[in-house]
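Report on the following structure.
The values are calculated or read from the model by the stated rules, or taken from the named source; none is laboratory data. What you see is a predicted model; the values in this text were computed from it and never measured. Quick reminder, even Gly has a Cβ in these numbers, built from the backbone with ideal geometry, and neighbours come from all protein chains shown. Heads up: the accessible areas ignore ligands, DNA and RNA and are worked out on the full protein's heavy atoms, side chains in. Shrake-Rupley method; radii C 1.70, N 1.55, O 1.52, S 1.80 Å.
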Amino acid sequence: RRGAPREAPQGERRDTGGLPHQEEQEAHSRQGQGQAVKGRPPREELPLSQTEQNKVLEAAGHHMRQSLSESYWTNMTALRRRFLQYRSNWNPPIVDTPTAIILFVTKQIELVGITPSSALQYCVTLRAAEKRFGAGQIHSQLLTDFERSLRRQGALRPSKQAVPAAPTQMAQAIALARGQALKTALTLAWHASARCSDVVRLRVGDVTDKGAHFAVNWAGSKSDPFRLGVNTGVQLPQQAAGHLRSLLTGRPTDKLFPTVSYRTFNAAMRAAHPSLTAHSVRRGALHELLRQGTSLEHMILASRHSAVDGLVRYLPAAELHRVGTTAENSSRLRL
């Protein structure tokens with residue numbers, strides 16, 4: 001029939017406007033990117049209407065609610081129910097929601113004795129609950145200042161700190177460690193009073209053999225957020241020093257301990273004692289330095305803390321009082 005499209009016989013390539021098959025695919029890809037294709041105008045990307053944007057946001061919110069654990073919503077709902085019951089008992093009722101949250105959390109601190117971390121979590125959860133079920137986002141400088149005061153009281157700091165490793169436990173962990181690289185990494189972390197994560201991140205170019213000791217450049221650590229680098233000198237036992245020298249033959253950008261991770265550190269310390277973790281190495285090393293009578297000024301150079309008040313949290317209060325130093329008067333010392 002006239003005007004009807006002609007069907008291509010079997011085995012015959014259909015006409016694509018003169019473009020080969022590969023060029024046709026490239027044309028479609030360029031057209032999808034908004035580029036002009038051999039005389040065709042570029043396809044314009046139409047903005048989403050407000051209804052379409054709301055549908056996208058609703059779908060994203062539904063996906064987020066499905067991905068969150070069911071206990072999160074249960075705890076949020078239960079806490080908001082307690083908060084609303086407490087708020088309704090006031091006569092006249094409290095109209096200001098931030099003030100009601102502060103009074104409710106303060107009452108929980110007085111009656112139940114919750115920690116500053118739990119109190120801060122109450123504030124964050126009630127903010128999210130009001131945003132989800134209540135009047136919307138809470139913008140209150142008073143509530144923000146109250147949360148900041150909880151942080152000053154120790155919120156978000158772990159109440160259960162790592163158990164410090166004793167020298168005998170550290171020697172046992174090194175002896176039970178699998179592989180010479182892990183033994184050397186544990187020895188380096190102990191003698192440098194370093195975080196195990198910093199040891200894992202070391203590159204070959206960060207360590208220099210000075211003969212009697214090793215110069216280590218700790219770049220990009222927790223105490224060095226601007227990656228300026230902090231140099232320390234570390235003396236190692238003969239066996240660990242010999243193995244470390246053999247590792248310095250690689251390229252400067254190669255990892256110094258490619259087979260060692262934070263998980264292997266944890267496994268090695270738990271093999272010595274179940275209560276020990278990877279962070280027990282740093283705490284135990286600092287405890288041992290203090291027991292040997294090292295001053296806080298020298299200890300902060302070894303630990304690379306930015307202030308002594310961060311160092312004293314690693315140390316036992318009894319030993320600090322024995323050397324005549326407290327957290328209050330030592331916090332004035334900063335490097």
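Applying a threshold of 8 Å to beta carbon distances and a minimum spacing of six or more residues, or different chains, the list of pairs starting in region 79-98 at a residue that is under 24 Å from Q141 (Cα atoms) and ending at one that is part of a loop (DSSP other than H, G, I, E, B) and β-branched (V, I, T) reads R87/I94; T97/I138; P98/I138. Name the residues in region 73-115 that are of a type in the set (F, W, Y) and in a helix (DSSP H, G or I), would you? Within region 73-115, W73, F83, Y86, F104 meet the criteria. Within region 130-152, restricting attention to residues that are closer than 12 Å to T99 by Cα and in contact with a helix residue (DSSP H, G or I) (Cβ under 6 Å, 6 or more places away or on another chain), the residue that is surrounded by the fewest Cβ atoms within 10 Å (Cβ to Cβ) is L142. Across region 287-298, the qualifying residues are those that are among the charged types (D, E, K, R) and open to solvent by 40 Å² or more (accessible area, probe 1.4 Å), and the one among them that is modelled with the lowest pLDDT is E297. Counting just the residues of region 264-286 that are open to solvent by less than 60 Å² (accessible area, probe 1.4 Å) and of a type in the set (K, R), which one comes out nearest to A162 (Cα to Cα)? Across region 264-286, the extreme among qualifying residues is R283. Could you please let me know if A302 is under 22 Å from G211 (Cα atoms) and at pLDDT below 90? Judged against the criteria, A302 is a match. Here T208 fits the description: of a type in the set (S, T, Y) and either touching a Leu at 6+ places or on another chain (Cβ under 6 Å) or assigned to a strand (DSSP E or B) (or both). Exactly one residue out of V199, V216 is modelled with pLDDT of 90 or more, assigned to a strand (DSSP E or B) and crowded, with 20+ Cβ neighbours inside 10 Å: that is V216.
Kindly evaluate P164 against the criterion of being in contact (Cβ under 8 Å) with a residue 24 or more places away in the chain and under 28 Å from the mean Cα position of the chain (by Cα). Criteria met by P164. From the set of residues in region 234-263 that are among the β-branched types (V, I, T) and modelled with pLDDT under 90, which is least open to solvent (accessible area, probe 1.4 Å)? Ranking the qualifying residues of region 234-263, first place goes to T253.
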